[in-house]
1. Of a type in the set (K, R), surrounded by fewer than 17 Cβ atoms within 10 Å (Cβ to Cβ) and either at positive phi or modelled with pLDDT of 95 or more (or both): does that describe R133?
2. Which one of the conditions (1) at negative phi; (2) at pLDDT below 95 does A287 fail to meet, given that it meets all the rest?
3. Only one residue in Y41, Y67, Y49 is over 17 Å from the mean Cα position of the chain (by Cα), surrounded by fewer than 14 Cβ atoms within 10 Å (Cβ to Cβ) and of a type in the set (S, T, Y). Which one?
4. Out of all the residues in the range 260-276, is one or more at pLDDT 90 or above, in a loop (DSSP other than H, G, I, E, B) and among the β-branched types (V, I, T)?
5. In the range 207-229, which residues are under 16 Å from F324 (Cα atoms) and modelled with pLDDT of 90 or more?
6. Starting from residues that are among the small types (G, A, S) and under 13 Å from F143 (Cβ atoms), keep the ones in the range 81-123 and report whichever is farthest from the chain's Cα centre (by Cα).
7. If we keep just the residues of the range 70-80 that are under 22 Å from the mean Cα position of the chain (by Cα) and assigned to a loop (DSSP other than H, G, I, E, B), which is surrounded by the most Cβ atoms within 10 Å (Cβ to Cβ)?
Amino acid sequence: MKHRFFLATALLLIISCTGDKEPVMVENSGRAQGSTYQIKYITDKGRNYSEEIERIFREIDLSMSTYIPESEISALNKGGVWVEIDPMFQKVLQRSIEIAEETNGDFDPTVGPLVALWGFGFEKVRGDVGPDRIAKVKAKTGFRKIEQKDSKARIPEGFSIDFNAIAQGFTVDHIAEYLESQGIQSYMVEVGGEVRTKGKNAKGKIWTIGVDKPQSTIDREERFQFILELNNAALATSGNYRKFWVDEETGLKYSHTIDPHTGVPARNRLLSASLVAPETMDADAYATVCMVRGLEGCKELLGSKPDLEGYLVFTDEDGEWQTFISEGFQSYIVD
């Protein structure tokens, strides 16, 4: 009996020791989707998911990257034929159409030809952008022309779909959901500036996120517009202060956010919109809507959606920077 008790006690000690591993924070970083990513997560197994995360990036690129000729979106953009699309593509397309319907076309995934026309697409086309050419290209846009049937989609010839305003948000969500499926309950996933967090960091504190000031260059001394604690939420920022071009003849600055209704770059006093939402995909898309609508339109959007909070930077009539912070967003800010 004593011998059995000793064995049982020893076995219990072994189990206790192997089960009491200190939680480890793992960090993966690199380049993906034309930008950078930084992913941190805490695991008691010490498992590094870098290979799985890289695989997710590759799968999303092969699904939705217009820069890859063999991707599903490239096949769809040839126009006129039904293309089989994977579940990820189906989810992003469906949510894009829902937001497009909801915002009366302020968000439109078919705006790609206009983006290219103004020099922000893959081919860097720019030149004569007079009314006639704008009208001709705009005639090849419109989300209502997208057709879906089961797991297939089709668009007319000359149209193209571009998920740039929602795909990175989806990527963040997809990676976050993968980590959760592996039992990870504390993480920070950031891709191209879009962020989603859950739980707490290695110090047992809520994840702290800094958002750059809306300037064309980064000031390392006073870089951040604000710093916030992001607790089980997602953050996306859109702005027109780094991606633009200037017409050498007129001196006019053209932003990369295209107004789908007019076919020309959105011109308003809103410099940036940082939105917090339950999912990064939504925060990403609605931030683009804000840049199209401008300050007052964005305020109306925030007021109509209780799960959406915003920090807006804009210029007043004198060209001075001003901010609008929704009540819910204020509770996240620590500096």
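1. Numbers: of a type in the set (K, R): yes; surrounded by fewer than 17 Cβ atoms within 10 Å (Cβ to Cβ): yes; either at positive phi or modelled with pLDDT of 95 or more (or both): no.
When the stated conditions are applied, R133 does not pass them.
2. Condition not satisfied by A287: (2).
3. Details: Y41 fails: surrounded by fewer than 14 Cβ atoms within 10 Å (Cβ to Cβ); Y49 fails: surrounded by fewer than 14 Cβ atoms within 10 Å (Cβ to Cβ).
When all the criteria are applied, what remains is Y67.
4. From the range 260-276, those at pLDDT 90 or above are 260-263, 273-276; that's our starting set.
Now narrow it down to the ones that are in a loop (DSSP other than H, G, I, E, B): 260-263.
Checking which are among the β-branched types (V, I, T) leaves us with 262.
Within the range 260-276 (the criterion being at pLDDT 90 or above, in a loop (DSSP other than H, G, I, E, B) and among the β-branched types (V, I, T)), the answer is yes, since at least one residue qualifies.
5. Matches in the range 207-229: I227, L228.
6. G105
7. Checking each candidate, the answer is N77.
Here's the yes/no breakdown for (1) of a type in the set (V, I, T); (2) surrounded by fewer than 23 Cβ atoms within 10 Å (Cβ to Cβ); (3) closer than 29 Å to T141 by Cβ:
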position: R269; (1), (2), (3): no, yes, yes
position: T280; (1), (2), (3): yes, no, yes
position: D284; (1), (2), (3): no, no, yes
position: M291; (1), (2), (3): no, no, yes
position: G297; (1), (2), (3): no, yes, yes
position: E300; (1), (2), (3): no, yes, yes
position: Y311; (1), (2), (3): no, no, no
position: D318; (1), (2), (3): no, yes, no
position: T323; (1), (2), (3): yes, yes, no
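The values are calculated or read from the model by the stated rules, or taken from the named source; none is laboratory data. Since the model is a prediction, treat every value here as computed from it, not as a measurement. Cβ sites come from the backbone with ideal geometry, for glycine too, and all protein chains shown count toward neighbours.
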